[in-house]
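A quick write-up on the structure given underneath.
The values are calculated or read from the model by the stated rules, or taken from the named source; none is laboratory data. The structure displayed is predicted, hence computed values, not measured ones. We place every Cβ from the backbone using ideal geometry, glycine too, and count neighbours over all the protein chains shown.
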Amino acid sequence: MANNPRRGFSHKEPSAGKSRFWIRRNHADGPIEIPAGLITGEEPGPVFSLIAGVHSAEYAPIAAAQELFRRLDTKEVKGQVRFVFIANLPGYRTRSMFVNPTDGKNLNGAFPGDEKGSHTEALAWTIFEEVIKGSHYLVDLHSGDMIEDLVPFVIVKTEGDPKQDQRRLELAGCYPTGYLLNPKPNAAGWNSDGATFACAQASGAISCMVEAGGKGQLDLECVELLVQGTLAALRWAGNLDAGFPPVDGISRAAMDGARQSGSLDAHGSTRPGQREIAELRKVFADNPGLFIPMVKAGQTVRAGDPLGTVYDFFGNLVETPLAPKDGVVLLVCSGPAVEPGTALAGIGVFA
Ligand SMILES: [Zn+2]
(Lines give C-alpha, C1' and ligand atoms only; values in the text may rest on other atoms or scores of the structure.)
Protein backbone atom coordinates (compact mmCIF):
# COMPACT_ATOMS: atom_id res chain seq x y z
CA MET A 1 0.00 0.00 0.00
CA ALA A 2 1.49 3.34 -1.02
CA ASN A 3 1.98 5.99 1.64
CA ASN A 4 0.67 8.82 -0.49
CA PRO A 5 0.79 12.39 0.76
CA ARG A 6 -2.69 13.77 1.31
CA ARG A 7 -4.02 16.76 3.13
CA GLY A 8 -6.28 14.94 5.57
CA PHE A 9 -9.58 13.28 6.29
CA SER A 10 -11.63 16.28 5.23
CA HIS A 11 -10.27 15.74 1.72
CA LYS A 12 -10.96 12.02 1.66
CA GLU A 13 -12.39 10.22 -1.33
CA PRO A 14 -15.94 9.08 -0.53
CA SER A 15 -15.38 5.59 -1.95
CA ALA A 16 -14.66 2.51 0.16
CA GLY A 17 -11.03 1.68 0.77
CA LYS A 18 -8.10 1.46 3.15
CA SER A 19 -5.18 3.86 2.94
CA ARG A 20 -2.18 5.12 4.87
CA PHE A 21 -1.10 8.69 4.22
CA TRP A 22 0.60 11.79 5.61
CA ILE A 23 -1.31 14.79 6.87
CA ARG A 24 1.14 17.59 6.13
CA ARG A 25 1.34 21.33 6.69
CA ASN A 26 4.16 23.83 6.59
CA HIS A 27 5.22 25.69 9.73
CA ALA A 28 8.02 28.22 10.22
CA ASP A 29 9.67 26.03 12.87
CA GLY A 30 9.53 22.81 10.84
CA PRO A 31 7.06 20.73 8.85
CA ILE A 32 3.97 19.28 10.52
CA GLU A 33 3.81 15.62 9.50
CA ILE A 34 1.25 13.20 10.90
CA PRO A 35 1.19 9.52 9.85
CA ALA A 36 -2.49 8.66 9.46
CA GLY A 37 -4.78 5.94 8.17
CA LEU A 38 -8.33 5.71 6.96
CA ILE A 39 -10.67 2.77 6.52
CA THR A 40 -13.87 3.62 4.70
CA GLY A 41 -16.42 0.83 4.68
CA GLU A 42 -18.72 -0.19 1.88
CA GLU A 43 -21.79 0.49 4.02
CA PRO A 44 -22.65 3.79 5.72
CA GLY A 45 -21.98 4.23 9.42
CA PRO A 46 -20.48 6.59 11.98
CA VAL A 47 -17.07 8.30 11.90
CA PHE A 48 -14.84 6.85 14.64
CA SER A 49 -11.44 8.45 15.27
CA LEU A 50 -8.60 6.73 17.09
CA ILE A 51 -5.61 8.84 18.13
CA ALA A 52 -2.27 7.61 19.47
CA GLY A 53 1.08 9.23 20.17
CA VAL A 54 -0.09 12.57 21.58
CA HIS A 55 2.58 11.63 24.10
CA SER A 56 5.27 10.22 21.89
CA ALA A 57 7.06 7.88 24.32
CA GLU A 58 3.79 6.05 25.02
CA TYR A 59 4.37 3.03 22.83
CA ALA A 60 1.55 0.58 23.64
CA PRO A 61 -1.06 2.98 22.17
CA ILE A 62 0.97 3.53 18.99
CA ALA A 63 1.46 -0.21 18.49
CA ALA A 64 -2.24 -0.84 19.20
CA ALA A 65 -3.40 1.72 16.62
CA GLN A 66 -1.09 0.20 13.99
CA GLU A 67 -2.24 -3.33 14.90
CA LEU A 68 -5.92 -2.37 14.60
CA PHE A 69 -5.34 -0.82 11.21
CA ARG A 70 -3.67 -4.02 10.02
CA ARG A 71 -6.43 -6.23 11.47
CA LEU A 72 -9.44 -4.39 10.09
CA ASP A 73 -10.70 -4.76 6.56
CA THR A 74 -12.81 -2.49 4.38
CA LYS A 75 -15.44 -5.24 4.03
CA GLU A 76 -15.84 -5.44 7.80
CA VAL A 77 -16.08 -1.73 8.57
CA LYS A 78 -19.21 0.38 8.34
CA GLY A 79 -18.77 4.12 7.99
CA GLN A 80 -15.28 5.45 8.57
CA VAL A 81 -12.47 4.73 11.00
CA ARG A 82 -9.77 7.40 11.17
CA PHE A 83 -6.34 6.63 12.62
CA VAL A 84 -3.63 8.96 13.85
CA PHE A 85 -0.75 6.57 14.42
CA ILE A 86 1.68 9.09 15.99
CA ALA A 87 0.31 12.56 16.73
CA ASN A 88 3.61 13.97 18.02
CA LEU A 89 6.12 12.68 15.46
CA PRO A 90 8.92 15.16 16.37
CA GLY A 91 8.70 13.80 19.92
CA TYR A 92 8.66 10.19 18.77
CA ARG A 93 11.75 10.59 16.59
CA THR A 94 13.72 12.16 19.46
CA ARG A 95 12.28 9.88 22.19
CA SER A 96 10.93 12.93 24.03
CA MET A 97 8.83 12.70 27.15
CA PHE A 98 5.58 14.66 27.45
CA VAL A 99 6.40 17.44 24.98
CA ASN A 100 6.99 18.32 21.35
CA PRO A 101 10.71 19.21 21.35
CA THR A 102 10.19 21.80 18.59
CA ASP A 103 8.70 24.26 21.10
CA GLY A 104 8.77 22.35 24.38
CA LYS A 105 4.96 22.30 24.70
CA ASN A 106 2.67 19.45 25.72
CA LEU A 107 0.31 18.54 22.87
CA ASN A 108 -2.10 16.98 25.37
CA GLY A 109 -3.20 20.41 26.64
CA ALA A 110 -3.06 22.25 23.31
CA PHE A 111 -6.39 21.39 21.67
CA PRO A 112 -8.22 22.79 19.72
CA GLY A 113 -4.97 24.55 18.82
CA ASP A 114 -4.10 27.62 16.82
CA GLU A 115 -3.36 27.69 13.10
CA LYS A 116 -0.98 30.63 13.54
CA GLY A 117 0.50 29.52 16.86
CA SER A 118 3.66 27.65 17.81
CA HIS A 119 4.51 24.25 16.32
CA THR A 120 2.51 22.34 18.96
CA GLU A 121 -0.44 24.73 18.69
CA ALA A 122 -0.49 24.42 14.90
CA LEU A 123 -0.13 20.63 15.19
CA ALA A 124 -3.14 20.51 17.53
CA TRP A 125 -5.11 22.75 15.18
CA THR A 126 -4.29 20.46 12.24
CA ILE A 127 -5.46 17.36 14.12
CA PHE A 128 -8.58 19.17 15.27
CA GLU A 129 -9.48 20.37 11.78
CA GLU A 130 -8.52 17.21 9.91
CA VAL A 131 -9.41 14.43 12.35
CA ILE A 132 -11.54 15.48 15.31
CA LYS A 133 -14.02 17.65 13.41
CA GLY A 134 -16.79 15.54 11.99
CA SER A 135 -16.09 12.56 14.28
CA HIS A 136 -19.06 10.94 16.00
CA TYR A 137 -16.74 9.02 18.32
CA LEU A 138 -13.18 9.64 19.44
CA VAL A 139 -10.82 7.61 21.60
CA ASP A 140 -7.39 8.96 22.56
CA LEU A 141 -5.01 6.16 23.52
CA HIS A 142 -2.36 6.89 26.16
CA SER A 143 -0.08 5.07 28.59
CA GLY A 144 2.31 6.14 31.28
CA ASP A 145 5.09 8.20 29.71
CA MET A 146 8.81 7.19 29.71
CA ILE A 147 9.08 7.54 33.51
CA GLU A 148 5.55 6.55 34.53
CA ASP A 149 4.19 3.18 35.54
CA LEU A 150 0.43 2.89 35.75
CA VAL A 151 -2.46 0.50 36.21
CA PRO A 152 -4.78 0.59 33.17
CA PHE A 153 -7.68 3.02 33.44
CA VAL A 154 -10.08 4.94 31.23
CA ILE A 155 -11.05 8.60 31.53
CA VAL A 156 -14.42 10.16 30.73
CA LYS A 157 -15.97 13.53 31.40
CA THR A 158 -19.66 13.34 32.25
CA GLU A 159 -21.43 16.68 32.04
CA GLY A 160 -24.90 16.21 33.49
CA ASP A 161 -26.79 15.23 30.34
CA PRO A 162 -28.01 11.73 31.34
CA LYS A 163 -28.41 10.37 27.81
CA GLN A 164 -25.05 11.59 26.52
CA ASP A 165 -23.31 10.71 29.78
CA GLN A 166 -24.65 7.16 29.56
CA ARG A 167 -23.15 6.81 26.08
CA ARG A 168 -19.81 8.17 27.30
CA LEU A 169 -19.80 5.62 30.09
CA GLU A 170 -20.73 2.84 27.67
CA LEU A 171 -17.84 3.78 25.37
CA ALA A 172 -15.46 3.83 28.33
CA GLY A 173 -16.90 0.50 29.52
CA CYS A 174 -15.76 -1.14 26.28
CA TYR A 175 -12.19 -1.03 27.59
CA PRO A 176 -11.26 -3.86 29.98
CA THR A 177 -9.65 -1.72 32.67
CA GLY A 178 -10.06 -1.94 36.43
CA TYR A 179 -10.71 1.77 36.91
CA LEU A 180 -12.76 4.56 35.37
CA LEU A 181 -11.64 8.11 36.13
CA ASN A 182 -14.62 10.45 35.89
CA PRO A 183 -13.43 13.67 37.54
CA LYS A 184 -16.18 15.59 39.23
CA PRO A 185 -16.48 19.25 38.14
CA ASN A 186 -13.88 21.36 39.96
CA ALA A 187 -12.18 18.25 41.36
CA ALA A 188 -8.73 19.15 42.65
CA GLY A 189 -5.54 18.10 40.98
CA TRP A 190 -6.40 17.29 37.40
CA ASN A 191 -8.55 18.58 34.58
CA SER A 192 -9.06 17.73 30.95
CA ASP A 193 -8.71 21.24 29.51
CA GLY A 194 -7.07 21.10 26.09
CA ALA A 195 -7.20 17.29 25.83
CA THR A 196 -8.31 15.71 22.55
CA PHE A 197 -11.27 13.89 24.03
CA ALA A 198 -12.63 16.93 25.90
CA CYS A 199 -12.23 19.01 22.75
CA ALA A 200 -13.99 16.33 20.68
CA GLN A 201 -16.78 16.23 23.24
CA ALA A 202 -17.19 20.01 23.01
CA SER A 203 -17.67 19.61 19.26
CA GLY A 204 -20.33 16.93 19.65
CA ALA A 205 -18.48 13.59 19.73
CA ILE A 206 -18.82 10.83 22.30
CA SER A 207 -15.27 10.36 23.53
CA CYS A 208 -12.90 8.99 26.13
CA MET A 209 -9.21 8.62 26.87
CA VAL A 210 -7.59 5.28 27.75
CA GLU A 211 -4.35 4.62 29.68
CA ALA A 212 -2.48 1.30 29.46
CA GLY A 213 1.26 0.58 29.52
CA GLY A 214 4.19 2.83 30.35
CA LYS A 215 7.86 3.11 31.41
CA GLY A 216 8.94 3.60 27.79
CA GLN A 217 8.35 -0.08 27.13
CA LEU A 218 6.11 -1.99 24.78
CA ASP A 219 3.93 -4.10 27.05
CA LEU A 220 2.17 -6.51 24.68
CA GLU A 221 -0.60 -7.29 27.18
CA CYS A 222 -1.43 -3.59 27.27
CA VAL A 223 -1.33 -3.43 23.47
CA GLU A 224 -3.85 -6.29 23.42
CA LEU A 225 -6.01 -4.55 26.03
CA LEU A 226 -6.15 -1.44 23.83
CA VAL A 227 -6.82 -3.49 20.68
CA GLN A 228 -9.59 -5.57 22.25
CA GLY A 229 -11.15 -2.54 23.92
CA THR A 230 -11.18 -0.59 20.68
CA LEU A 231 -12.71 -3.52 18.77
CA ALA A 232 -15.43 -3.62 21.43
CA ALA A 233 -15.87 0.14 21.07
CA LEU A 234 -16.16 -0.14 17.28
CA ARG A 235 -18.83 -2.84 17.68
CA TRP A 236 -20.66 -0.71 20.23
CA ALA A 237 -20.51 2.35 17.96
CA GLY A 238 -21.79 0.36 14.96
CA ASN A 239 -18.59 0.51 12.90
CA LEU A 240 -18.30 -3.29 13.16
CA ASP A 241 -20.98 -5.96 13.26
CA ALA A 242 -21.97 -6.99 16.76
CA GLY A 243 -20.42 -10.42 16.18
CA PHE A 244 -17.02 -9.28 14.93
CA PRO A 245 -14.71 -10.56 16.37
CA PRO A 246 -15.51 -11.93 19.80
CA VAL A 247 -13.34 -10.65 22.62
CA ASP A 248 -12.07 -13.89 23.99
CA GLY A 249 -10.49 -13.23 27.32
CA ILE A 250 -9.28 -10.09 28.96
CA SER A 251 -5.57 -9.41 29.28
CA ARG A 252 -3.82 -10.07 32.56
CA ALA A 253 -3.14 -6.37 33.14
CA ALA A 254 -6.86 -5.66 33.07
CA MET A 255 -7.60 -8.60 35.32
CA ASP A 256 -5.02 -7.32 37.79
CA GLY A 257 -6.64 -3.90 37.68
CA ALA A 258 -10.08 -5.35 38.35
CA ARG A 259 -8.76 -7.51 41.17
CA GLN A 260 -6.81 -4.66 42.77
CA SER A 261 -9.86 -2.41 42.68
CA GLY A 262 -11.22 -4.71 45.36
CA SER A 263 -14.76 -4.27 44.12
CA LEU A 264 -17.03 -5.71 41.52
CA ASP A 265 -19.62 -2.98 42.05
CA ALA A 266 -20.28 -0.84 39.02
CA HIS A 267 -20.19 2.56 40.79
CA GLY A 268 -21.68 4.29 37.75
CA SER A 269 -19.41 2.50 35.31
CA THR A 270 -21.18 0.32 32.77
CA ARG A 271 -18.48 -2.35 33.06
CA PRO A 272 -18.66 -4.87 35.89
CA GLY A 273 -15.48 -4.71 37.93
CA GLN A 274 -14.53 -1.24 36.67
CA ARG A 275 -14.37 0.96 39.75
CA GLU A 276 -15.09 4.67 39.49
CA ILE A 277 -12.50 7.24 40.52
CA ALA A 278 -13.70 10.78 41.30
CA GLU A 279 -10.34 12.58 41.50
CA LEU A 280 -6.75 12.10 40.37
CA ARG A 281 -4.51 13.72 42.98
CA LYS A 282 -0.94 14.03 41.76
CA VAL A 283 1.91 14.40 44.24
CA PHE A 284 4.88 16.41 42.99
CA ALA A 285 8.53 16.59 44.01
CA ASP A 286 9.65 19.77 45.77
CA ASN A 287 13.38 19.10 45.35
CA PRO A 288 15.68 17.76 42.66
CA GLY A 289 17.23 14.40 43.38
CA LEU A 290 16.67 10.66 43.35
CA PHE A 291 13.24 9.16 43.95
CA ILE A 292 12.75 5.67 45.35
CA PRO A 293 9.07 4.67 45.26
CA MET A 294 7.52 2.70 48.13
CA VAL A 295 4.29 1.88 46.27
CA LYS A 296 3.36 0.14 43.04
CA ALA A 297 0.75 1.09 40.46
CA GLY A 298 -2.54 -0.55 41.40
CA GLN A 299 -1.82 -0.60 45.14
CA THR A 300 -4.39 0.92 47.49
CA VAL A 301 -3.16 3.48 50.04
CA ARG A 302 -4.51 5.38 53.03
CA ALA A 303 -4.16 9.15 53.50
CA GLY A 304 -0.76 9.83 55.07
CA ASP A 305 0.91 6.65 53.80
CA PRO A 306 4.45 7.33 52.53
CA LEU A 307 4.69 7.03 48.74
CA GLY A 308 8.49 7.00 48.53
CA THR A 309 11.57 8.95 49.42
CA VAL A 310 13.53 11.67 47.63
CA TYR A 311 17.27 12.00 48.26
CA ASP A 312 19.37 15.00 47.21
CA PHE A 313 22.44 14.71 44.98
CA PHE A 314 24.54 13.73 48.01
CA GLY A 315 22.15 11.04 49.26
CA ASN A 316 20.56 13.07 52.05
CA LEU A 317 16.90 12.34 52.62
CA VAL A 318 15.01 15.52 51.65
CA GLU A 319 11.40 14.44 51.14
CA THR A 320 8.97 11.72 52.06
CA PRO A 321 5.87 12.42 49.96
CA LEU A 322 2.61 11.21 51.50
CA ALA A 323 -0.69 10.06 50.01
CA PRO A 324 -3.03 13.08 50.23
CA LYS A 325 -6.16 10.91 50.46
CA ASP A 326 -7.29 7.30 50.61
CA GLY A 327 -7.29 5.72 47.16
CA VAL A 328 -5.45 3.66 44.59
CA VAL A 329 -2.04 4.43 43.09
CA LEU A 330 -3.06 4.95 39.46
CA LEU A 331 0.43 5.99 38.44
CA VAL A 332 3.87 6.17 39.98
CA CYS A 333 7.12 7.73 38.80
CA SER A 334 9.42 4.94 37.61
CA GLY A 335 12.37 7.21 36.72
CA PRO A 336 14.64 7.99 39.67
CA ALA A 337 15.96 11.37 38.45
CA VAL A 338 13.41 13.97 39.55
CA GLU A 339 13.17 17.74 39.48
CA PRO A 340 10.89 20.11 41.41
CA GLY A 341 7.45 19.61 39.84
CA THR A 342 8.02 16.02 38.69
CA ALA A 343 4.86 13.96 39.37
CA LEU A 344 5.93 11.25 41.83
CA ALA A 345 2.56 9.52 42.02
CA GLY A 346 -1.08 9.95 41.09
CA ILE A 347 -3.65 8.80 43.63
CA GLY A 348 -7.12 7.90 42.34
CA VAL A 349 -9.72 8.82 44.96
CA PHE A 350 -12.70 6.46 44.85
CA ALA A 351 -16.09 7.96 44.00
ZN1 LIG B 1 -0.20 10.42 27.71
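For the reader, a short list of remarks on this structure follows.
- With respect to the stated conditions, Gly113 is surrounded by fewer than 23 Cβ atoms within 10 Å (Cβ to Cβ) and at positive phi.
- Of all the criteria given as (1) within 15 Å of the ligand (Cβ to nearest atom); (2) within 30 Å of Gly327 (Cα to Cα); (3) not hydrophobic (A, V, I, L, M, F, W, C), the one not satisfied by Thr120 is (2).
- Within region 182-224, the set of residues being more than 16 Å from Gly113 (Cβ to Cβ) and among the hydroxyl-bearing types (Ser, Thr, Tyr) comprises Ser207 only.
- Subset of region 95-120 that is within 16 Å of the chain's Cα centre (by Cα) and in a loop (DSSP other than H, G, I, E, B) - its residue that is farthest from Lys215 (Cα to Cα): Phe111
- Any chance Met209 is modelled with pLDDT of 95 or more and surrounded by fewer than 24 Cβ atoms within 10 Å (Cβ to Cβ): no
- Residues of region 61-94 satisfying the condition of being aromatic (Phe, Trp, Tyr) and part of a loop (DSSP other than H, G, I, E, B): Phe85
- Out of Phe85, Phe111, sole residue that is within 18 Å of Pro35 (Cα to Cα) and modelled with pLDDT of 95 or more: Phe85
- Within region 131-182, being of a type in the set (Ser, Thr, Tyr) and within 13 Å of the ligand (Cβ to nearest atom) holds for one residue alone: Ser143.
- Candidate set from region 70-100 (those that are surrounded by fewer than 19 Cβ atoms within 10 Å (Cβ to Cβ) and away from the ligand (no atom under 16 Å from the Cβ)); member that is farthest from Ile51 (Cα to Cα): Lys75
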